[in-house]
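Worksheet: one structure, shown below.
The values are calculated or read from the model by the stated rules, or taken from the named source; none is laboratory data. No experiment lies behind these values; they were computed from the predicted model shown. Glycine gets a Cβ as well: all are built from the backbone with ideal geometry, and neighbour counts include every protein chain shown.
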Amino acid sequence: MPLNAHGQPIGDPLPGWEPRRPPGPVVLEGTRCRVEPLDPARHAADLHAAYRSAPDDRDWTYLTAGPFATAADYRAWADGASRSADPRHYAVVATDSGQAVGTLALMRQDPAHGVIEVGGIAFSPPMRRSPLSTEAQFLLMSYVFDTLGYRRYEWKCDSLNAPSRAAAERLGFTFEGVFRQAVVYKGRNRDTAWYSLLDREWPAAKRAFRTWLAPANHTPDGRQIQPLAALRTPGTRTATEG
């Protein structure tokens, strides 16, 4: 650890550091999906139909928005969201059907320090626990780290949201702690669990994502052969996660 002239420990130097660009209205092409700016005229009807395919409204419990009883309600939300630069909302469009099946956003943008958060993740039943959802996350991570050059990619959720916490860990984020009474939403308290992925961790994470997403890692019916976590830990092999 470096020391200053007073013998005090200080952070590692960052020579040549410059503020990064904020995320833009980009289109990110993958094999199974495309991530593109949320466009209510093109995406809202597909998204509402995909969300309504769920048997109940539990997917909205830990999100600040929703549930949306009607297509008009969702369109009104999407109209506002599409005009926002922070959060900047993106739709996930399935390559095989051409239909929008989920959304996610880049938010709490801090270009001066190279920090950004992925949030507002609303994946419909057709894409959850599928290679498509993993690819969508990978495409956005690649954009943040490889194109924009950010140093820190954050994931935050209600500390009681077990599925979101499991997803963060599966994707390679590191748990950093719980911020107590951090947020009020939907008339209740939220203790927020914090996770992060750093630029120095990204190369290994990217290799694992690419290997996991490759056709050779999936059976003909779409089931994975090796889980993502195992690919981040060489020598580990487990049964399929589903």
Please go through segment 177-203 and pick out each residue that is closer than 23 Å to residue 228 by Cβ, more than 13 Å from the chain's Cα centre (by Cα) and surrounded by 13 or more Cβ atoms within 10 Å (Cβ to Cβ).
193, 194, 198, 199, 201, 202
Can you tell me how many residues within segment 204-216 are free of Cβ contacts under 8 Å to residues at least 60 places away in the same chain and either surrounded by 16 or more Cβ atoms within 10 Å (Cβ to Cβ) or closer than 30 Å to residue 64 by Cα (or both)?
1
Go through segment 103-136 and count every residue that is more than 11 Å from the chain's Cα centre (by Cα) and not β-branched (Val, Ile, Thr).
16
Among the numbered criteria (1) under 22 Å from residue 231 (Cα atoms); (2) out of contact with any Asp or Glu (no Cβ under 7 Å at 6 or more places or on another chain), which one does residue 119 miss?
(1)
Scan segment 1-59 for residues that are touching a Pro at 6+ places or on another chain (Cβ under 8 Å), exposed (fewer than 10 other Cβ atoms within 10 Å of the Cβ), at pLDDT 95 or above and among the aliphatic types (A, V, I, L, M) and jot them down.
3
Within segment 4-44, how many residues turn out to be out of contact with any helix residue (DSSP H, G or I) (no Cβ under 6 Å at 6 or more places or on another chain), within 21 Å of residue 139 (Cα to Cα) and of a type in the set (A, V, I, L, M)?
2
Do we find that residue 75 is more than 15 Å from residue 30 (Cα to Cα) and without any contact (Cβ under 8 Å) to a residue 60 or more places away in the chain in this structure?
yes
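Are any of the residues in segment 119-134 among the aliphatic types (A, V, I, L, M) and touching a Leu at 6+ places or on another chain (Cβ under 7 Å)?
Among the residues of segment 119-134, at least one is among the aliphatic types (A, V, I, L, M) and touching a Leu at 6+ places or on another chain (Cβ under 7 Å), which makes the answer yes.
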Among the residues of segment 145-157, the number that are of a type outside the set (Lys, Arg), in a strand (DSSP E or B) and surrounded by 22 or more Cβ atoms within 10 Å (Cβ to Cβ) is 2
Working only within segment 18-72, note down all residues that are touching a residue at least 12 places away in the same chain (Cβ under 8 Å), charged (D, E, K, R) and in a loop (DSSP other than H, G, I, E, B).
20, 21, 32, 39
